[in-house]
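Input: a single structure, listed below in structure tokens.
The values are calculated or read from the model by the stated rules, or taken from the named source; none is laboratory data. Every value quoted in this text rests on a predicted model; they were computed, and no experiment measured them. Here the Cβ positions follow ideal geometry from the backbone for every residue, glycine too, while neighbour counts run over all protein chains shown. The protein model used for the area step is the full one, side chains on, heavy atoms only, and it has no ligands, DNA or RNA in it. Shrake-Rupley method; radii C 1.70, N 1.55, O 1.52, S 1.80 Å.
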Amino acid sequence: MSTAQRIHGPRLYVFSGAGLSAESGISTFRTGDGIWTQASIDEVCNFTTWRRNREAVFRFYNERIAEKRDARPNEAHQILAEWQRTWGTERVQLVTQNIDDLLEKAGAQHVVHLHGDIHSLRCTSCDFRFPKDCDEFRSDAACPKCGEVDAVKPGVVFFNEPAPEYLNLHRMRVEMTESDLFVAIGTAFEVVSPESMLPWGRQGQHERNFLIDPAPRRTELFGVVERQNATVGLRNLASHITSMMTTR
């Protein structure tokens, strides 16, 4: 018996981007005056060039850590965490592009971070991931497995770097049924497209495809579009989603 057959009731798949955490004071990357309008991707987030820009890379991600230090979960994080507590991690699957831990701080029990996080380091020599041992990333941190220093980078997935968690997008696309719900929040779909997550039968204005974004893109793939920020959009949809999740 497959996992889908064992689960009673529809699943809720939530895919979130930087817009989910924007109301907590964390900068977006692409919209408005986002981070990539002020910093060079090729310098600080390119797997093919990062080693020659190593000091700039560590400085840039330490700035992201400092920015997040006083951030607190907003109402949108809390709503998603509450849904996962209510219906369980098998039925409510949270997949995010964000590298912060605000969903976890709100009480989410399991979150897939597609692009890594700012709490770990990865050794590119032996592919070992380990937690940072202080508040900031240290550029002299040695890999506890192989001892390398220069091969160690922040645990954020860079452009052109393998991203093993993307297997979850394929799994989502394979497992999603007609009765499941898909909610996209605060993303421009420039890195991950909706087609990579939605099965062929859901790639239209399906009534169970929801999009929340103040300046939404790819609206042709969503039956319900909330042109709102994350907290207002989720608040507006909460009763509708709850009804769908509790009706078999």
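Taking every residue in the stretch 60-87 that is at pLDDT 95 or above and pairing it with any residue that is open to solvent by 20 Å² or more (accessible area, probe 1.4 Å) and assigned to a helix (DSSP H, G or I), at least 6 positions away or on another chain, the pairs with Cβ-Cβ distances below 8 Å are 72/105; 73/105; 75/235; 77/105; 79/235; 79/238. Just one of (1) open to solvent by 50 Å² or more (accessible area, probe 1.4 Å); (2) outside any helix (DSSP H, G or I) fails for residue 182. It is (1).
From the list 101, 133, the lone residue that is touching a His at 6+ places or on another chain (Cβ under 9 Å), farther than 20 Å from residue 44 by Cα and at pLDDT below 95 is 101.
Residue 191 meets each of the listed conditions (1) crowded, with 20+ Cβ neighbours inside 10 Å; (2) modelled with pLDDT under 95 apart from (1). In the stretch 46-71, the residue that is farthest from residue 150 (Cα to Cα) out of those that are hydrophobic (A, V, I, L, M, F, W, C) and in contact with a helix residue (DSSP H, G or I) (Cβ under 8 Å, 6 or more places away or on another chain) is 71. Going by the conditions given, is residue 144 touching a strand residue (DSSP E or B) at 6+ places or on another chain (Cβ under 8 Å), surrounded by 20 or more Cβ atoms within 10 Å (Cβ to Cβ) and not charged (D, E, K, R)? When the stated conditions are applied, residue 144 does not pass them. I'm trying to understand the selection: among the residues of the stretch 80-121, which are buried (at least 20 other Cβ atoms within 10 Å of the Cβ) and part of a helix (DSSP H, G or I)? Passing the criteria: 80, 81, 83, 84, 102, 103.
From the set of residues in the stretch 195-213 that are acidic (Asp, Glu) and out of contact with any helix residue (DSSP H, G or I) (no Cβ under 7 Å at 6 or more places or on another chain), which is least open to solvent (accessible area, probe 1.4 Å)? Once the filter is applied, the top-ranked residue is 195.
Residues in the stretch 214-241 that are in contact (Cβ under 8 Å) with a residue 24 or more places away in the chain, open to solvent by 20 Å² or more (accessible area, probe 1.4 Å), over 23 Å from residue 9 (Cα atoms) and not aliphatic (A, V, I, L, M): 214, 217, 218, 229.
Going by the conditions given, is residue 20 assigned to a helix (DSSP H, G or I), of a type outside the set (Ser, Thr, Tyr), under 14 Å from the mean Cα position of the chain (by Cα) and modelled with pLDDT of 95 or more? So residue 20 fits the description; yes.
Please specify each residue of the stretch 149-177 satisfying the condition of being acidic (Asp, Glu), surrounded by 15 or more Cβ atoms within 10 Å (Cβ to Cβ) and assigned to a loop (DSSP other than H, G, I, E, B). Once the filter is applied, which keeps residues that are acidic (Asp, Glu), surrounded by 15 or more Cβ atoms within 10 Å (Cβ to Cβ) and assigned to a loop (DSSP other than H, G, I, E, B), the stretch 149-177 yields only 161.
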